[in-house]
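Novice: Got a structure for you, questions after.
The values are calculated or read from the model by the stated rules, or taken from the named source; none is laboratory data. Just so it is clear, the structure is predicted and the values come from calculations on it, not from any experiment. Glycine also receives a Cβ, built like all others from the backbone with ideal geometry; neighbour counts cover every protein chain displayed.
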């Protein structure tokens, strides 16, 4: 995708984008706070909007539901990480999966809420079907975006099967890593899930590279 | 999982199970009929219940939402297919993925709605976020069940990373196949998605087995 020269548009664009990011973050934080305090079922969009000092109408400019506000996952890799991956060397499946694991772990490390908060949210997702469904839909949006970035790296079509399969494999690996991380929460002592994502990609590549499933 | 001898319990179990299966199928059919006629947004659980001749209370014994009734995917492989896969030979990743592709394609062929109906439903899922989210949640339930069956085949723990990763890869492949199938609906001339699932597993195994991503 072509973008205009950042030098020319940065001041105005930057201000508006920053304000939007701040409101989004405030709505997310208000949702997490209220859900912790009152339990997911008892929190409404009206309550979140009041807590964040905006109208419900504004809330819906940012999120389609309280479930979405609870996760507030970005739908795509940041441009810098996507470029780093797309411009990486090695077109073979193993190199692509290795570098995907790297950028996804880096992304989680930078973007993530505090590990404690993330654990709380994943636990709610286990117990509330609509939250799990929203989490999976957000993962699928990342997956679709990722397929385009993988296609850039490998020179294949964005809706081609190879890019789609690799994106699906990568996101299945991230989800598996998050499950492992949340299962062993007593062991990782406040550390975030990035290390688990790296481990899972290593396990994936070993699984695909060796003879017997272990 | 151990089950009781089917010879002993079949007569009673069979009758109740058959009645449940029939009511479930009627609710699903009523949902599809109404959604086609009126559009997804205009259909309510009350309307579906009336159409199927049951109370809304009964509806909720079968499905948590109209979204779930629209798909009505079974949450697990039928026992006969699961056994065939678990007892298959070959513990290496490639053999496991090959046999997974076979049983999942067979399952889709047997269980599936008419191809036309399935296309309609997938098209609704593309456009309605809550339907897509429900579809993904139902896929995740199948994935979790599949991990247990894969663990049976490979002799690894059911919540172990290998079984989970393979199940995630398999379901990502099924989802990719359904996308390809629904994208090329004008080409497959009324045929169901089973052939696409077989093709996608072949593409997956080639992708994992060869040097460059194509």
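Novice: State whether the residues of region A:82-100 include one that is closer than 18 Å to residue A:135 by Cβ and surrounded by 14 or more Cβ atoms within 10 Å (Cβ to Cβ).
Specialist: Checking region A:82-100: not a single residue is closer than 18 Å to residue A:135 by Cβ and surrounded by 14 or more Cβ atoms within 10 Å (Cβ to Cβ).
Novice: Okay, moving on. Looking only at region B:139-157, which residues are closer than 18 Å to residue A:171 by Cβ and more than 9 Å from chain A (Cβ to nearest Cβ)?
Specialist: Answer for region B:139-157, where residues must be closer than 18 Å to residue A:171 by Cβ and more than 9 Å from chain A (Cβ to nearest Cβ): B:141, B:142, B:144, B:146, B:147.
Novice: Look at residue A:77 and say whether it is surrounded by 17 or more Cβ atoms within 10 Å (Cβ to Cβ) and either touching a strand residue (DSSP E or B) at 6+ places or on another chain (Cβ under 9 Å) or within 12 Å of another protein chain (Cβ to nearest Cβ) (or both).
Specialist: Against the criterion (surrounded by 17 or more Cβ atoms within 10 Å (Cβ to Cβ) and either touching a strand residue (DSSP E or B) at 6+ places or on another chain (Cβ under 9 Å) or within 12 Å of another protein chain (Cβ to nearest Cβ) (or both)), residue A:77 does not qualify.
Novice: While we're on this one: Checking the structure you have, find out if any residue of region B:160-169 is out of contact with any helix residue (DSSP H, G or I) (no Cβ under 7 Å at 6 or more places or on another chain), facing another protein chain (nearest Cβ under 10 Å) and part of a helix (DSSP H, G or I).
Specialist: Within region B:160-169, none of the residues are out of contact with any helix residue (DSSP H, G or I) (no Cβ under 7 Å at 6 or more places or on another chain), facing another protein chain (nearest Cβ under 10 Å) and part of a helix (DSSP H, G or I).
Novice: Take residue A:110 and tell me if it is assigned by TED's automatic domain parsing to the domain that holds residue A:91 and modelled with pLDDT under 85.
Specialist: Taking the combined requirement at face value, the residue satisfies it.
Novice: Here is a further query. For region B:106-134, enumerate the residues that are within 14 Å of chain A (Cβ to nearest Cβ) and either more than 14 Å from residue A:130 (Cβ to Cβ) or touching a strand residue (DSSP E or B) at 6+ places or on another chain (Cβ under 6 Å) (or both).
Specialist: Correct list: B:122, B:125, B:126, B:127, B:128.
Novice: What pairs can you find where one residue is in region B:18-33 and on the phi < 0 side of the Ramachandran plot, the other is part of a helix (DSSP H, G or I) and modelled with pLDDT under 90, and their Cβ atoms are less than 7 Å apart, with a gap of 6+ or different chains?
Specialist: Listed by first residue and then by second, the contacts come to B:32/B:117.
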